[in-house]
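Take a look at the structure below.
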Amino acid sequence: MRLKSEEFVKGQYYHIYNHAVANDLLFYDEDDYLMCLRRLRRYYEKDAYSILAYCLMPNHYHFLLYQNTDIPFHNSLNKVWFSYSCYLNKKYDRKGTIFSGKQQHIGIKNEAYLRYLCAYIHLNPVKAKLVDTPEAWNWSNYREWIGLRDGILIDREHISCFFQNPSEYKECINSLINVPDKRLLIDAEE
């Protein structure tokens, strides 16, 4: 569950993700998602890092973050997941870790991969057949991206560097709904 500070560099984008242990869920009901989002808002340090994209799925999560300062975001995220683990264990009368291992992360090296990652994260519930469109999924910041919700877990300044306006992003996402993930990744790496 934990991240180490020396692995993160100011001015770098990162994909952060993790899965539930075994075949368990991280989020069993709407209250669990809401509790996690409350913890994210509580511990979010906007000066230290920016949240570009996120998606909470029933058994895993994805975040695309930007390290703004030398103060690493791992402290904030560790607090989120530790407190959420305590909540989940207490609510469901369980013990131990809720994650399959420590949080994973990938540094993003180019703009094409960053754009791919935004689409991948926001299309996750559609590809998993949980919803038909990304705006139908409450547990991501896609609605903020396209102007349907005004949440704080998003950095619009960074987004505007890659997409001129919400309509352009929505059009991009809609064009990718039926494209296989492997094809998206190949295009991003070319």
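The values are calculated or read from the model by the stated rules, or taken from the named source; none is laboratory data. Predicted, not measured: the structure shown is a model, and the values here were computed from it. Glycine gets a Cβ as well: all are built from the backbone with ideal geometry, and neighbour counts include every protein chain shown. Ligands, DNA and RNA are stripped out before the accessible areas are found, and what is left, the full protein with its side chains, is counted by its heavy atoms. Shrake-Rupley method; radii C 1.70, N 1.55, O 1.52, S 1.80 Å.
Points worth noting:
- Every residue from segment 42-69 that is within 22 Å of residue 20 (Cβ to Cβ), open to solvent by less than 40 Å² (accessible area, probe 1.4 Å) and part of a loop (DSSP other than H, G, I, E, B): 57, 58
- Test: residue in segment 19-28 that is closer than 28 Å to residue 110 by Cβ and out of contact with any helix residue (DSSP H, G or I) (no Cβ under 7 Å at 6 or more places or on another chain): yes
- Scope segment 16-41; condition open to solvent by less than 10 Å² (accessible area, probe 1.4 Å) and in contact with a His (Cβ under 9 Å, 6 or more places away or on another chain); matching residues: 16, 18, 20, 26
- Against the conditions (1) under 18 Å from the mean Cα position of the chain (by Cα); (2) modelled with pLDDT of 75 or more; (3) open to solvent by less than 60 Å² (accessible area, probe 1.4 Å), residue 185 satisfies every one except (2).
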